[in-house]
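The values are calculated or read from the model by the stated rules, or taken from the named source; none is laboratory data. What you are looking at is a predicted structure, and each value in this text was computed from that prediction instead of being measured. Neighbour counts are summed over all protein chains in view; Cβ atoms, including those assigned to glycine, are modelled from backbone coordinates with ideal geometry. Only protein heavy atoms, including side chains, enter the accessible area calculation; ligands, DNA and RNA are left aside. Shrake-Rupley method; radii C 1.70, N 1.55, O 1.52, S 1.80 Å.
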Amino acid sequence: MSKDIKRIAVFTSGGDAPGMNAALRAVVRTASFHDMHVYGIYRGYEGMIDGDLERLERGDVGNIIHRGGTILKTARSKGFMTPEGRRAAYESLQAFDIDACIAIGGNGTFTGASVFTEEYDIPFIGIPGTIDNDLYGTDLTIGFDTSINTAIEAVDKIRDTADSHNRLFFVEVMGRNSGFIALNTAIGSGAGSVLIPETDTSIEELVGALKLGARRKKLFSVVIVAEGNKNGNATEIARKVNDAFDFYDTKVTIIGHLQRGGSPTAQDRVLASRLGFSAVEGLLNGQKNVMAGMVNGKVMFTPFLQAINEAKPLDNDLVRMAEILAM
Ligand code: F6P
């Protein structure tokens, strides 16, 4: 056990994700069990630069496991991308005599942590908190399950009105450059088609599928559009499809930041608790500059650059199944 880690700082960074509070709670409770002092950094790297730290004790994380968002606030920090900003952040950590940091966030967060730990010898452990599920080294990221539940609930409601009016809806979901949210939302909602960055489905192919459905007397349809897909956003796709095939009265719904809020699901709460617990015990066991993840039900630690840069492909069998079930 690494005995020289007695004071740790924890922060949430990047896009917020349901379950971040559950992870924070687990970090504070596990560290307290090991007689460590925990400091919460507000507003991610921005707060680190500003020295915006506050002691967190067991009671400070009571009654938050069910809350969406993050009680530490979050931010995207341009300042931290500069050597001067990182120097200021280091000085803040020194001023609070911090021995190690735990970063709850996504790609951008671990990119920053990777650069910072090259410059300064303060161990970091990352916890994958992003709805995108686009980090290698963990089957699921915290917030992903809640976001697809939110998206599927939204599409269920869209389906009601699409059915009532015999309309074609294009529903845009988040996911940045990945299609995990879109694919799982399409499967879980029984959508007609899905456009994801990982496949190069063309407008012509989509129109062909819609025409087939129309011939089969499919009087309404819902298409899920991943925001990062190659054909453009849902509004642009709807226009292109309408120009080629105006059989349906077409509408567009962008679910947007609804996918980022809400009370975390049981799965996200348990995942967040396991990763928060493992991050603290990992630090004590000498882990540093790695992301804690769950792979096949087991905790794994992956170097930051691998977590960020290693491809995390969609399951092709799932993509094929989605296409067949949608026919
Ligand atoms: O990374 C999470 C995410 O929700 C992406 O899916 C989305 O593209 C982005 O954040 C939106 O960022 P912001 O909240 O800054 O608009």
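Observations, loosely collected:
- Looking only at residues of region 251-275 that are assigned to a helix (DSSP H, G or I) and of a type in the set (D, E, K, R), we find that the one that is farthest from Arg29 (Cα to Cα) is Arg260.
- Taken over region 213-241, residues that are part of a helix (DSSP H, G or I) and either open to solvent by 60 Å² or more (accessible area, probe 1.4 Å) or within 16 Å of the ligand (Cβ to nearest atom) (or both) amount to 6.
- The single condition among (1) within 20 Å of Leu314 (Cβ to Cβ); (2) outside any helix (DSSP H, G or I); (3) open to solvent by 30 Å² or more (accessible area, probe 1.4 Å); (4) out of contact with any Asp or Glu (no Cβ under 7 Å at 6 or more places or on another chain) that Glu205 does not satisfy is (2).
- Filter result for Glu91 (open to solvent by 10 Å² or more (accessible area, probe 1.4 Å) and either more than 16 Å from the ligand (Cβ to nearest atom) or without any contact (Cβ under 8 Å) to a residue 24 or more places away in the chain (or both)): yes
- Looking across region 9-56, the residues that are among the β-branched types (Val, Ile, Thr) and surrounded by 22 or more Cβ atoms within 10 Å (Cβ to Cβ) come down to Val10, Thr12, Val27, Val28, Val38, Ile41, Ile49.
- Pairs meeting the criteria (first residue in region 235-254 and modelled with pLDDT of 95 or more, second residue open to solvent by 80 Å² or more (accessible area, probe 1.4 Å) and outside any helix (DSSP H, G or I), beta carbons under 6 Å, at least 6 apart or on different chains) are lacking.
- Residues in region 70-91 that are among the basic types (Lys, Arg) and over 24 Å from Ala272 (Cα atoms): Lys78, Arg86, Arg87.
- Residue selected from region 181-202 under the condition over 16 Å from the mean Cα position of the chain (by Cα) and assigned to a helix (DSSP H, G or I), by the criterion surrounded by the fewest Cβ atoms within 10 Å (Cβ to Cβ): Gly188
- Yes/no for Val61 being hydrophobic (A, V, I, L, M, F, W, C) and either within 19 Å of Ile142 (Cα to Cα) or touching a residue at least 60 places away in the same chain (Cβ under 8 Å) (or both): yes
- Qualifying residue in region 68-85 (condition: at positive phi, of a type outside the set (A, V, I, L, M, F, W, C) and free of Cβ contacts under 8 Å to residues at least 12 places away in the same chain): no
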